[in-house]
Amino acid sequence: MGPSGEALLDYGIHDARRAGFGDVVLVIRPEQEESFREHATRVLSDAVTVRYAFQSLDDPPPPPGRVKPWGTAHAVLSAAPHVHGPFAVMNADDFYGAASFALLADFLRALDEPDNLRLALVGYQLRGTLSAAGGVSRGICRIDHDGCLTSVTEVRGIRQGAAGITGTAESGETHHLSGDEIASMNLWGCPPAVFSLLERQFARFLEGAAADPTAEFVLPNAVGDELARGTLSVQVLQTPESWIGMTFPADRDRVAARVAELASQGHYPENLAAWFRTHGGSH
């Protein structure tokens with residue numbers, strides 16, 4: 001996506017390091033390890049400590065017909081052996097912007113009790129997260145007067161049409177949206193205590209949905225279930241940044257053009273590999 005062959009992931013690491021984050025854990029499938037190591041060596045060199053966590057479809061053994069991993073919450077659980085303090089979770093195919101990581105870093109630094117289940121979620125205005133190439137799935141956030149998350153509703157097939165912005169809930173109900181809603185793009189700040197919560201949630205998920213080859217243990221649903229139980233709180237950090245991301249192959253040219261524009265304006269180096277070598281990934 002970048003002018004010197006960078007991936008969107010590399011920009012997220014760049015922004016996270018500048019905000020004060022340390023090591024990186026990449027959650028991947030085992031068969032992807034060689035290509036990820038090659039890319040990380042080329043771009044990050046030895047400036048950033050990168051660890052690899054493997055999300056295996058065989059843990060636990062899948063039902064017949066299942067071909068996809070167990071979902072994003074299971075991916076976070078896969079990283080647990082490599083994480084020993086407060087951490088951020090991001091997708092590798094999204095461009096979140098520097099201010100978003102700075103908001104998360106400030107929130108995590110202020111955690112006075114790491115064992116408390118206080119999380120943060122960076123929220124984006126929905127209309128800025130759509131794709132002209134087709135419908136997208138987004139977690140639509142409800143927020144109370146203190147800026148805390150009260151619920152996340154997964155809405156699929158969200159698109160701009162002649163009748164406005166519409167999408168479909170898991171129940172099949174059509175949602176008519178204004179575009180001003182706050183959407184989750186899966187950028188979270190978490191204390192390490194969240195791993196115990198996810199382990200309990202995954203056990204419950206397996207009891208109820210493991211036989212379904214399409215069911216996924218996803219982070220918004222896991223957090224939403226615990227919100228309903230009152231076991232955690234989530235502060236929504238509304239970012240001034242514009243999100244950029246890849247949902248469809250047709251998005252590629254638009255995303256690459258926007259990243260090139262940001263680099264030409266001086267917001268990012270023209271060559272991230274050279275920046276990491278020069279600055280040592282300083283944070």
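The table below gives the values:
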| read-out | value |
| --- | --- |
| Only listed residue being out of contact with any strand residue (DSSP E or B) (no Cβ under 7 Å at 6 or more places or on another chain) and not in a loop (DSSP other than H, G, I, E, B), chosen from 51, 66, 42 | 42 |
| Which listed residue is over 20 Å from the mean Cα position of the chain (by Cα) and closer than 24 Å to residue 55 by Cβ, from 214, 231 | 214 |
| Residue among 139, 123 that alone is part of a strand (DSSP E or B), modelled with pLDDT of 95 or more, touching a strand residue (DSSP E or B) at 6+ places or on another chain (Cβ under 7 Å) and not hydroxyl-bearing (Ser, Thr, Tyr) | 123 |
| Selected residue (only one of 206, 197 is part of a helix (DSSP H, G or I), over 20 Å from the mean Cα position of the chain (by Cα), farther than 16 Å from residue 12 by Cα and touching a residue at least 60 places away in the same chain (Cβ under 8 Å)) | 206 |
| Exclusive hit being free of Cβ contacts under 8 Å to residues at least 12 places away in the same chain and closer than 30 Å to residue 227 by Cα, set 46, 15, 58, 93 | 58 |
| Flag for residue 252 being under 21 Å from the mean Cα position of the chain (by Cα), surrounded by 13 or more Cβ atoms within 10 Å (Cβ to Cβ) and basic (Lys, Arg) | no |
| Condition met for residue 150 (β-branched (Val, Ile, Thr), in contact (Cβ under 8 Å) with a residue 24 or more places away in the chain and not in a strand (DSSP E or B)) | no |
| Positions within the stretch 159-194 being among the aliphatic types (A, V, I, L, M) and either exposed (fewer than 15 other Cβ atoms within 10 Å of the Cβ) or assigned to a strand (DSSP E or B) (or both), in sequence order | 162, 163, 165, 169, 177, 182, 183, 185, 187 |
| Residue check, residue 239 buried (at least 19 other Cβ atoms within 10 Å of the Cβ), within 18 Å of residue 138 (Cα to Cα) and either in contact (Cβ under 8 Å) with a residue 24 or more places away in the chain or of a type in the set (A, V, I, L, M) (or both) | yes |
| Per-region count, the stretch 109-157, residues over 13 Å from residue 236 (Cβ atoms) and of a type in the set (Ser, Thr, Tyr) | 4 |
| Residue that is surrounded by the most Cβ atoms within 10 Å (Cβ to Cβ) [pool: residues in the stretch 71-130 that are among the β-branched types (Val, Ile, Thr), closer than 27 Å to residue 210 by Cβ and under 15 Å from the mean Cα position of the chain (by Cα)] | 76 |
| Residue check for residue 152: among the β-branched types (Val, Ile, Thr) and at pLDDT 90 or above | no |
| The stretch 1-39, subset hydroxyl-bearing (Ser, Thr, Tyr) and in a helix (DSSP H, G or I), residue surrounded by the most Cβ atoms within 10 Å (Cβ to Cβ) | 11 |
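The values are calculated or read from the model by the stated rules, or taken from the named source; none is laboratory data. All values derive from a computational prediction rather than experimental measurement. Every residue, glycine as well, gets a Cβ built from its backbone with ideal geometry; the counts of neighbours run over all protein chains shown.
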